[in-house]
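Asks: Can you keep this structure in mind? I'll have questions shortly.
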Amino acid sequence: YAGVPLRGKVTWDSTPPAKPIPRVWISLEPLTRPSFMGEQTELEVSVPKEFSFPSSLMGEYAVRIGGISSPGIYVKDMVYARRSIRNKSLRLTGSTDIDPELRIILGADGGTLSTTVVDKDGKPIPDSYVLIMPAEIVSEAEFASALVSGQTDQNGRYSSDTLAPGKYYLLASSTPIEPTPESIGPLTRSRVSKATEIDIGAGQSVQLMLTIAPIE
């Protein structure tokens, strides 16, 4: 197959942390077609560093970043063709009239959430689900991409990975929620009326209790 090069760089938004992560994984997931045999869709990249996918087909991709396990570090933004594509898809068109560089910007001031899901009597509920929803997301497509979910342990506890500082809505559910159009619509309607609102400050660890809330 014949494709176009996709070049980019991984950078820090400000001063790197005292113990910066050495490498991250960058994965391109085609959204409208299957991957072709021999197509390069994943790279391991040093931080900070330039990178290149030498031959990518034009089309729409989800960009996944992996290998970030250090406390406080998260993907702050992704920029392509001079616009943010964080929680959006990457659309490769082959156009050269704008800057076709993919910039992945890492932040080091993230926070965490620890919660215990309890019933009306305050008893922990194991194997329940915690949904973390950024408050600034409006469209359902971005909402599905930005949704964070996790399952509580046998003591009803759940601890998140690093989250970007900001406002979030939290819901606890007895069943898992898949990021499909059928479930995302009711979830977006429920997040204001049923959810618990929190603010996670830079480097802050937030702890709270949640009860199961019905999703409209």
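Asks: What is the set of long-range amide H partners of VAL118 at a cut-off below 5 Å, with H atoms built 1.01 Å from backbone N?
Replies: Distant-sequence amide H within range of VAL118: ILE125, LEU210, THR211, ILE212.
Asks: Based on DSSP H runs of at least 4 residues, each adding -39500 (n - 2.57), what is the mean residue ellipticity at 222 nm of the chain after dividing by all its residues, to the nearest 500 deg cm²/dmol?
Replies: -2500 deg cm²/dmol
Asks: Assuming R0 = 41 Å, can you tell me the calculated FRET efficiency for the pair THR196 and THR15, based on Cβ-Cβ distance, to the nearest 0.05?
Replies: 0.75
Asks: Taking only Cα atoms and a 10 Å spring cutoff, compute GNM fluctuations for the chain and point out the largest among MET78, MET58, MET133.
Replies: Largest GNM mean-square fluctuation: MET58.
Asks: Something else about it: Please list 100-108, 205-213, 11-19 highest first by mean number of surrounding beta-carbon atoms within 10 Å per residue.
Replies: 100-108, 205-213, 11-19
Asks: Further question on the same structure: Return the long-range amide H neighbours of TRP12 (sequence gap of 5 or more, or a different chain), with a cut-off of under 5 Å between placed amide H atoms.
Replies: LEU106
Asks: How much area per residue is accessible in the chain when the probe is 1.4 Å and only protein heavy atoms are counted (Å²)?
Replies: Result: 54 Å² of accessible area for each residue.
Asks: Oh, and also: Quick check on the chain: of the DSSP beta bridges with both residues there, what percent are antiparallel, nearest 5%?
Replies: Beta bridges within the chain, antiparallel portion: roughly 75 percent.
Asks: Tell me, what ³J(HN,Hα) does each residue in the range 45-50 have, in order and in whole Hz, if you take phi through Karplus 6.51 cos²θ - 1.76 cosθ + 1.60 with θ = phi - 60° and put x for Gly and Pro?
Replies: Result, ordered by residue: 10, 6, 10, x, 6, 7 Hz.
Asks: Could you state the angle between the C-alpha long axis of helix 181-193 and the longest principal axis of the C-alpha atoms of the chain, as a value from 0 to 90 degrees rounded to the nearest 10?
Replies: 50 degrees
Asks: Tell me, what ³J(HN,Hα) does each residue in the range 13-28 have, in order and in whole Hz, if you take phi through Karplus 6.51 cos²θ - 1.76 cosθ + 1.60 with θ = phi - 60° and put x for Gly and Pro?
Replies: 6, 8, 5, x, x, 4, 10, x, 5, x, 8, 9, 9, 10, 10, 9
Asks: Using all alpha carbons of the range 125-169, what is the percent of pairwise distances in each 10 Å bin, ordered from the shortest bin to the longest?
Replies: Result returned by the calculation: 27, 47, 24, 2.
Asks: Rounded to two decimals, what is the ratio between the C-alpha radius of gyration of the range 112-216 and 2.2 N^0.38 Å?
Replies: Taking the Cα Rg and dividing by 2.2 N^0.38 Å, one obtains 1.00.
Asks: Bins of 5 Å, beginning at zero and ending with the bin holding the largest distance: percent of Cα pairs per bin for the range 1-94, please.
Replies: Final binned percentages: 3, 11, 24, 26, 18, 11, 5, 2, 0.
Asks: Could you work out what % of the accessible surface of the chain is carbon and sulfur, using a 1.4 angstrom probe and leaving DNA, RNA and ligands out of the count?
Replies: Of the solvent-accessible surface of the chain, carbon and sulfur hold 50 percent.
Asks: Here are some values of volume of the Cα convex hull per residue in Å³: (1) 136; (2) 115; (3) 145. Which one was computed from this structure?
Replies: Calculated volume of the Cα convex hull per residue in Å³: the matching label is (1).
Asks: Taking amide H positions as placed in the peptide plane 1.01 Å from N, state which residues far from LEU6 in sequence (5 or more) or on other chains have amide H under 5 Å from it.
Replies: PHE53, SER55, SER56
The values are calculated or read from the model by the stated rules, or taken from the named source; none is laboratory data. Bear in mind that the values here come from a model prediction, so they are computed numbers and not experimental data. Because the Cβ atoms are built from the backbone with ideal geometry, glycine has one as well, and the counts that use them run over all protein chains shown. Ligands, DNA and RNA are stripped out before the accessible areas are found, and what is left, the full protein with its side chains, is counted by its heavy atoms. Shrake-Rupley method; radii C 1.70, N 1.55, O 1.52, S 1.80 Å.
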